[in-house]
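What follows is a short report on a single structure.
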Amino acid sequence: MTSKTPVRLLKVTALALFALLLNVGCESADDRQLASAQSCLDDARTEADANLCIEKVAGIETPAAYLVRCSANFIAQGFTGTRVASAFERMNDDTGTSGSDPMINIMGYLVFTGNSSYHNVGATVLNCQKSGVRSMERLALVAQLATETASLGGITNLEDLDPSTIDHDQLMQTIKTAIDAVAAKTPAELAALGQVAINLNSSLCGAGSSFEGEEVCNYMSDALAQAGSNAPGQLAKHLFAILEQK
């Protein structure tokens, strides 16, 4: 994966929505709503702003409308361009030289906070999947794995995971604590988390993906091989056993 990945990811929402709108022959009421929503996203900075953007596509069930919702979900969670770029740059860290594990890095940066029904991580995954934009789906699935890990791990001060207010070492230690705690969860809890990991592996690590062969995908591959036919619960168990050693 090249250093251009964060830049491509940050631009993909606007470009994909623009391309979808170009395919429409004549402007309709829906088209005007989508154009208004895109303009709204350009200026959105807060959860209240994101809510307004979502309201502009109410009742529209097209990929472009779901891309608006997906993007608004991330904006509401405080995912600025800098935060997303930082997450993907840390994913490129080499464990052997930096002493910092890339999967734990990105999980730490992408934890969702709050209890908003509009902007929880489950809603975000669905919206991004329905948008048809693979890079946004991948980002949402990583966030889901990170958020559910932190939640099951008993991390209650999720707001402290914001990298703008906590240094990197503290951030990573928090997610490591969650991983240690998750390892002792019930089979049902591990199965639910393992299914998230399966979904992430399918989206993030498939043939042709820019992440194929990266350390994150190697972890997934190793965990799947160890789990065998006993996934997804065993997948979660093996994946977190690998991460606990990092």
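The values are calculated or read from the model by the stated rules, or taken from the named source; none is laboratory data. Quantities reported herein were computed from a predicted structural model and do not represent experimental measurements. Cβ placement follows ideal geometry from the backbone for every residue including glycine, while neighbour counts extend to all protein chains displayed. The accessibility values were calculated without ligands, DNA or RNA, using every heavy atom of the protein model including side chains. Shrake-Rupley method; radii C 1.70, N 1.55, O 1.52, S 1.80 Å.
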Residue match in the range 120-137 (condition: of a type in the set (D, E, K, R), modelled with pLDDT of 85 or more, closer than 28 Å to A207 by Cβ and surrounded by 20 or more Cβ atoms within 10 Å (Cβ to Cβ)): yes
Subset of the range 110-146 (residues that are in a loop (DSSP other than H, G, I, E, B) and of a type in the set (V, I, T)): V111, T113, V133
Residue within the range 156-169 that is in contact with a helix residue (DSSP H, G or I) (Cβ under 6 Å, 6 or more places away or on another chain), modelled with pLDDT of 65 or more and either outside any helix (DSSP H, G or I) or open to solvent by 70 Å² or more (accessible area, probe 1.4 Å) (or both) present: no
Selected residue [under 21 Å from E137 (Cα atoms) and either in contact with a strand residue (DSSP E or B) (Cβ under 8 Å, 6 or more places away or on another chain) or touching a residue at least 24 places away in the same chain (Cβ under 8 Å) (or both)] from A236, A241: A236
Residues that are closer than 15 Å to L145 by Cα and either open to solvent by 20 Å² or more (accessible area, probe 1.4 Å) or free of Cβ contacts under 8 Å to residues at least 12 places away in the same chain (or both), drawn from the range 191-233: A191, A192, Q195, I198, N199, N201, S202, C205, P232
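Somewhere in the range 193-207, is a residue of a type outside the set (S, T, Y) and modelled with pLDDT under 80?
The answer is yes, given that some residue of the range 193-207 is of a type outside the set (S, T, Y) and modelled with pLDDT under 80.
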Selection from the range 1-56 of residues that are exposed (fewer than 12 other Cβ atoms within 10 Å of the Cβ), at pLDDT below 85 and more than 29 Å from G213 (Cβ to Cβ): L22, N23, G25, C26, E27, S28, A29
